[in-house]
Each structure stands twice: as structure tokens, then as C-alpha cells.
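Enquirer: Pasting a structure here, questions to come.
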Amino acid sequence: MPPDSAHTVQDTRTNLVGLSREALTAALVEVGEKPFRGKQVWHWIYHRGATEFAQMTDLSKDLRAKLEPHFVVARPVIAREQTSVDRTRKWLMQFADGQKAEAVFIPEEDRGAVCISSQVGCTLTCRFCHTGTQRLVRNLTPAEIVGQFMVARDSYGEWPTPTDERRMLSNIVMMGMGEPLYNFENVATALKIIMADDGIAVGKRRITLSTSGVVPEIHRCGEELGVNLAISLHAPDDDTRSVIMPINKKYPLKDLMKACREYPGASNARRITFEYVMLKGLNDTPAHARALIKLVKNIPCKFNLIPFNPWPGTPYECSDAETIEAFAQTLWEAGFTAPIRTPRGRDILAACGQLKTDSERLSAKEKRVRDSQEAEVAKAAWAEKEAAL
Ligand code: SAH
Ligand code: SF4
């Protein structure tokens, strides 16, 4: 489909996708329909995957003709689709204003996770993350967030919503571009639509939201959505973490760990995931592992060790395989689950932290110089502390 299809750029009709159930019903009532039509149309959009009113065969012809001038059921447009040698699929999706974001599907044997973006770019500038080099353009709307999942389902033909648990697109991770807790309202509206039983019906236990640590929003995320929480931790001490993740200066580890300890619904059966990207010489020594174990005391959690995925212009390197193994071993011995994530879709830049669209903030060269200087500062700070451990 061309990126300027009739349902996106030129269309001024209201998109029904992305409206909460109440808002969808209200929109239909406004054009003179009875409230129960809301339920019917919802079913067509989110259970059946309809994209045209003509497909909604239990609505009368007259009614369909009446809806047509007011509303559309629009998805983001696929500007590019790539499939990795390991079957990971990445879509570059274009929205009505021409902005773009990426979504990824990571298939397992008979299930898989759709990785969804929450913003175009990201305001944060984590040093190891490709998205962090991009200028934030804007938050994604609920329609654009739900729409990413719907496009993925279109691509695998998984409509209507399978009624049993057997489905390829079984899980969702809010781990694409952007910081979801800096766009909480829209993410929450989108996830509530996605979780509704009579629609897309991906349950809260199958959804994981990852945050770099926006402490004030973490509690709401658990309370209002009840989804699994993943924290991009990446360092056990404030000095190192503040260098590689500047947000740590605003919300330091003490506050972040407190928010985790108090996360609604976290228990031994539902653990918080700490993501930890393995950066050579920066956060990967046995002393870092020991400090990490101390840090997460009393938090029901597991780790996810992510080998650093390189991208063009990054000054960082991935830790050696033996170093990562040893790190995992230390965590295992302390009683933690700590799988080493196998990178997926690296060949199409679809792996964690490789997503990026659009313009640079700093030139690649400027960034390289800055990042390696900062890395030296972090290493020196750690060396001092390690000596005292
Ligand atoms: N902004 C949110 C959601 C993005 S999730 C967050 O930061 O949590 C993407 C995950 O991949 C995060 O854990 C992020 O820290 C990690 N990541 C970023 N760049 C990476 C890279 N180059 N290699 C491996 N993981 C990376
Ligand atoms: Fe943004 Fe997350 Fe990347 Fe940090 S890791 S720059 S918060 S997308």
C-alpha cells in the first residue's frame, strides 16, 4: 500500500481504532445510533479485524452507509517490512502525519511476542540505545499503539481473535521505541483496548511494560493496568547508571528500588524483570554482579541479561561470552533466574535497542567522542568503589 493511502493522510473522518469503549459508543450515539451498536462495532474491529464497514455484515446496509461519511477503521501503513533469517519480522509503520515508528515480532516455536513502540524516537538518551540518538518527534496516540499490534495480526492472518490460548501473536512487550511511562495516558488507553476480553484479548499476564525508571508513574502502571513490569537497570550503582542512563540523575536507584518493592501485584509468582545490557568493561565484572545482588534484596525479581546489540556509530562493545556466562553464574548461585537473551533479528536491526527512524541528534563522530569520554569517567568511578568493596 502506498504511504499516503486514502485512510491516512487525506482522511479527516474520525478513526474508530484507539477510542476507548466509552468513547467509541459516544461517537456512534453522536451520529444518532443506539449505544448497543458500540458493542457490535467493537467486536468487528477488535475481534474480527474488520477494516471496512462493508465487512460488518450484521449491520444493516443503511447503517453502514450512515457510518461511512463519519468514520474510518484505520491502521498505520506499512512503509517497509523485513524478515530476518531467524524469522523475526520488523515493520516500519507510517502514521497519518508521515511520522514513523517500528514494531517487531519475535516468533518462538508456536507463540511469540510483538514488540511495540510508544513514541516516535525518545526524549531520553541512554548511551547504548540507538533510539536514544533520535530526536523525539512525538508521543504515539492510542490508535497508533493499538494499530501496531493490529498490523502485526494482519500480517500473520490471525483474525478473528483465536478463542483458545494457541496463537502465534501471544504476548506483547512495550519495549520498542520510546519511554512508555512518558506517554502513560495513551499507552494505558491502548493497553486497555488490547486487554478487553471481547476484542484482541491479550491478557495482562501476557503483557510486559519496560521502563527506564520513570519512578512517579510506576505505581499507576501496576494499579491501573496490572501488567508485568520490566526495568531497564543496566548498572548496580548510581555513578555508572547515571552515565549510561541520564534519567538516573533524576530518579536514582534508591527511589527506583523502592518503587519496585511497592509495585502492585509483584510476588514470587509474578516477578519484576530487571533487564541488564552487557557492556564490555563497563558493567560486567563479578563485583558488578555482587553489587547487583545486594541492590535487589527483598524484591521478587528475575534478570534478563541482554548481550549488547551494536548499531552504526556506537562506541560500546558487547561483553565477551565467557564474561556474560560468569555474570549469569554469579546471579544463579545467589538464587536468581538470569537467562542470557539470544539476540534476535540483528541482521535487520530489529534487536533490543537497535530501532531507529529519522534524524540524528548529534553527528556519529560527536557522539562517539562524548560516549567514550563518559565511559572512562564511569569506569574510574567504579574502580574506586570496587577497591572499597
Ligand atoms: N524505553 C523503555 C522501553 C524500551 S525497551 C526502556 O528503556 O525500558 C528496550 C530494551 O532494550 C531496554 O531494556 C533497553 O535498555 C535495551 N537496549 C537498548 N539499547 C540496547 C542495545 N544496543 N543492546 C541491547 N539492549 C538494548
Ligand atoms: Fe529511550 Fe529506552 Fe532507548 Fe533509553 S533505552 S533511549 S529510555 S528507548
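The values are calculated or read from the model by the stated rules, or taken from the named source; none is laboratory data. All figures in this text were calculated on a predicted structure; none of them were measured in a lab. As a convention, Cβ positions derive from the backbone with ideal geometry for all residues, glycine included, and neighbour counts pool all protein chains shown. What goes into the accessible areas is simple: the full protein's heavy atoms, side chains included, and nothing from ligands, DNA or RNA. Shrake-Rupley method; radii C 1.70, N 1.55, O 1.52, S 1.80 Å.
Enquirer: Would you calculate a helix-derived [θ] at 222 nm for the chain, using -39,500 (n - 2.57) for each DSSP H run of n ≥ 4 and dividing by the full residue count, to the nearest 500?
Expert: Taken over the chain, the calculation gives -9500 deg cm²/dmol.
Enquirer: Give me the net charge of A96's neighbourhood, meaning all other residues with Cβ under 9 Å from the Cβ of A96; Lys, Arg count +1, Asp, Glu -1.
Expert: -3
Enquirer: By the gyration tensor of its Cα atoms, with a ≥ b ≥ c the square roots of the eigenvalues, what is the shape of the stretch 186-228: rounded for a/c under 1.5, prolate for a/b over b/c, or oblate?
Expert: prolate
Enquirer: ³J(HN,Hα) across the stretch 83-89 via Karplus (A = 6.51, B = -1.76, C = 1.60, θ = phi - 60°), whole Hz, x for Gly/Pro?
Expert: Per residue, the Karplus-derived 3J(HN,Hα) values read 10, 6, 4, 8, 6, 4, 10 Hz.
Enquirer: Mind jotting down the distance between the C-alpha centroids of the stretch 76-143 and the stretch 313-359, whole Å?
Expert: For the stretch 313-359 versus the stretch 76-143, the Cα centre distance is 19 Å.
Enquirer: I would also like to ask the following. Test of understanding: in a Gaussian network model of the chain with alpha carbons linked when under 10 Å, which of L229, L295, L92 would top the mean-square fluctuation ranking?
Expert: L295
Enquirer: Okay, next question. I want to check the label-to-label distance for R87 and K254. Put each point 7 Å from Cα in the C-beta direction and report it in nm to one decimal.
Expert: 4.9 nm
Enquirer: Here's a follow-up. Rank these residues by their accessible area, most exposed first, probe 1.4 Å: C352, C115.
Expert: Of C352, C115, the descending order of accessible area is C352, C115.
Enquirer: Okay, next question. Which values, in whole Å and largest first, are the semi-axes of the equivalent ellipsoid of the chain obtained as the square root of 5 times each eigenvalue of the Cα gyration tensor?
Expert: For the chain, the semi-axes come out at 40, 22, 18 Å.
Enquirer: Report, ordered by chain and residue number, the lysines lying within cross-link reach of K192, taken as a straight Cα distance under 17 Å and ignoring same-chain residues fewer than 8 apart.
Expert: Counting by Cα, and skipping residues close in sequence, K192 has these lysines nearby: K39, K204.
Enquirer: Once phi is turned into θ = phi - 60°, what whole-Hz ³J(HN,Hα) does the Karplus curve with 6.51, -1.76 and 1.60 give for every residue of the stretch 239-256, x standing for Gly and Pro?
Expert: Using θ = phi - 60°, the values come out as 4, 5, 5, 5, 6, 8, 9, x, 4, 5, 5, 7, 10, x, 4, 4, 5, 5 Hz.
Enquirer: I would also like to ask the following. Amide H to amide H, which residues 5 or more places from R344 or on other chains are under 5 Å from it, using H placed in the peptide plane?
Expert: C352
Enquirer: Below 8 Å, C-alpha to C-alpha, sequence gap of six or more: please give me the relative contact order for the stretch 3-72 in percent. Show your work: numbers first, answer last.
Expert: Details: 42 pairs, mean separation 25.1, N = 70.
Averaging sequence separation for qualifying contacts and normalising by length gives 36 percent for the stretch 3-72.
Enquirer: Placing one identical point scatterer on every Cα of the stretch 26-167 and ignoring solvent, what is log10 I(q)/I(0) from the Debye formula at q = 0.08, 0.15 Å⁻¹?
Expert: Debye intensities relative to I(0), on a log10 scale: -0.29, -0.88.
Enquirer: In the neighborhood of D255, defined by Cβ-to-Cβ distances under 15 Å, what is the net charge if each Lys or Arg adds +1 and each Asp or Glu adds -1?
Expert: Value of the local net charge: +2.
Enquirer: For L225, what is the net charge nearby, where nearby means another residue's Cβ is under 14 Å from its Cβ and Lys, Arg count +1, Asp, Glu -1?
Expert: So the surrounding residues net to +2.
Enquirer: Then there's this: Which cross-chain or sequence-distant (5 or more) residues have an amide H under 5 Å from the amide H of S210, H modelled 1.01 Å from N in plane?
Expert: HN-HN under 5 Å from S210: M174, A230.
Enquirer: Same structure, new question: Given Cα positions, please report Rg to Rh for the stretch 252-366, the hydrodynamic radius being the Kirkwood one. Display every interim value, and only then the final one.
Expert: Details: Rg = 16.0 Å, Rh = 15.8 Å.
Rg/Rh: 1.01.
Enquirer: For the stretch 3-72, what class follows from the C-alpha gyration tensor (a ≥ b ≥ c being the square roots of its eigenvalues): rounded when a/c is under 1.5, otherwise prolate if a/b is larger than b/c, else oblate? Display every interim value, and only then the final one.
Expert: Numbers: a/c = 1.43, a/b = 1.36, b/c = 1.05.
Verdict is rounded for the stretch 3-72.
Enquirer: Sequence gap at least 6, Cα distance under 8 Å: using those rules, report the relative contact order of the stretch 77-388 to the nearest whole percent.
Expert: Taking the mean separation of contacting Cα pairs over the length of the stretch 77-388, I get 19 percent.
Enquirer: HN-Hα J couplings of the stretch 140-147 from phi, Karplus 6.51/-1.76/1.60, θ = phi - 60°, integer Hz, Gly and Pro as x?
Expert: Each residue of the stretch 140-147 in turn: 7, 7, x, 4, 6, 6, 4, x Hz.
Enquirer: Using amide H atoms built in the peptide plane, which far-off residues or other-chain residues are under 5 Å from Q134 H to H?
Expert: C122
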